[in-house]
1. Scan the range 21-66 residue by residue and report those that are under 13 Å from Gly97 (Cα atoms) and in contact with a helix residue (DSSP H, G or I) (Cβ under 8 Å, 6 or more places away or on another chain).
2. Only one of Gly115, Gly150 is closer than 20 Å to Ala48 by Cβ and in contact with a Phe, Trp or Tyr (Cβ under 7 Å, 6 or more places away or on another chain); which?
3. Filter the range 35-85 down to residues that are among the basic types (Lys, Arg) and touching a Ser or Thr at 6+ places or on another chain (Cβ under 9 Å) and give me whichever is surrounded by the fewest Cβ atoms within 10 Å (Cβ to Cβ).
4. Residues of the range 57-75 being farther than 22 Å from Arg11 by Cα and free of Cβ contacts under 8 Å to residues at least 24 places away in the same chain, which ones?
5. Could you please let me know if Ser101 is among the hydroxyl-bearing types (Ser, Thr, Tyr), at negative phi and at pLDDT below 95?
6. Tell me which residues, restricted to the range 112-142, are outside any loop (DSSP other than H, G, I, E, B), out of contact with any Asp or Glu (no Cβ under 9 Å at 6 or more places or on another chain) and surrounded by fewer than 22 Cβ atoms within 10 Å (Cβ to Cβ).
7. Keeping to the range 55-88, report how many residues are under 23 Å from Thr41 (Cα atoms), at pLDDT below 95 and not small (Gly, Ala, Ser).
8. What single numbered condition from (1) under 18 Å from Val168 (Cβ atoms); (2) under 11 Å from the mean Cα position of the chain (by Cα) fails to hold for Ile67?
Amino acid sequence: MAESGTAAPSRVPLWASLTATLFGIGHMRPGPGTWASAATTLLWAALAHVLPLPFRTPVIIALAAIITLVGIPAATLVSRASARKDPGFVVIDEVAGQLISLIAVPLAWKSFLAGLILFRAFDILKPPPVRQLERLPEGTGIVLDDVAAGIYALAVVQFLLHVGLLNVGLLK
């Protein structure tokens, strides 16, 4: 207990802070979630361009799963330490959701931009059950609502690609 009679603020392990804020991107203003989504899209584009085609989809699925599994405890620790339910500077949830929105998209700026815009829209609007997932406790709620928003964005991007409304030219 601190002298004022309240509990002393807990220290956040460095790994949790770096993970939850995506190495500090969560402190960028305005719109830290959008900065994190844009950075994630650019990082995935760079990585995907060096990966052989058969490995791209399994790698992005594995990355999204790992980030989700590591992001939940990181978000929990940072949220507890900040005494906020969903601190705006915690952006690991945007990383997970953004990656999900980009699963199996062609390596083309139009598909990346569509995934980015749609993910951010679903993350902000929170259609059911996204909003309900946000109510889950601690890091689980922080991360899983963005996972759901990413799934919505993935479905729409894949639909647009399937029906030809997102013309990206030749696939690599």
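The values are calculated or read from the model by the stated rules, or taken from the named source; none is laboratory data. This is a predicted model, so every value here is computed, not measured. Ideal geometry is used to build each Cβ from the backbone, glycine not excepted, and the neighbour counts take in all protein chains shown.
1. Gly33, Thr34, Ala36, Ser37, Ala38, Ala39, Thr40, Thr41, Trp44, Ile60, Leu63, Ala64 - these are the residues of the range 21-66 that are under 13 Å from Gly97 (Cα atoms) and in contact with a helix residue (DSSP H, G or I) (Cβ under 8 Å, 6 or more places away or on another chain).
2. Gly150
3. Step by step, filter the range 35-85, then rank; the result is Lys85.
4. Selection gives Pro58, Val59, Ala62, Ala65, Ile66.
5. Here the answer is no, as Ser101 does not meet what is asked.
6. Matches in the range 112-142: Leu113, Leu116, Ile117, Leu118, Ala121, Ile124, Leu125, Glu138, Thr140.
7. 2
8. Result: Ile67 fails condition (1) only.
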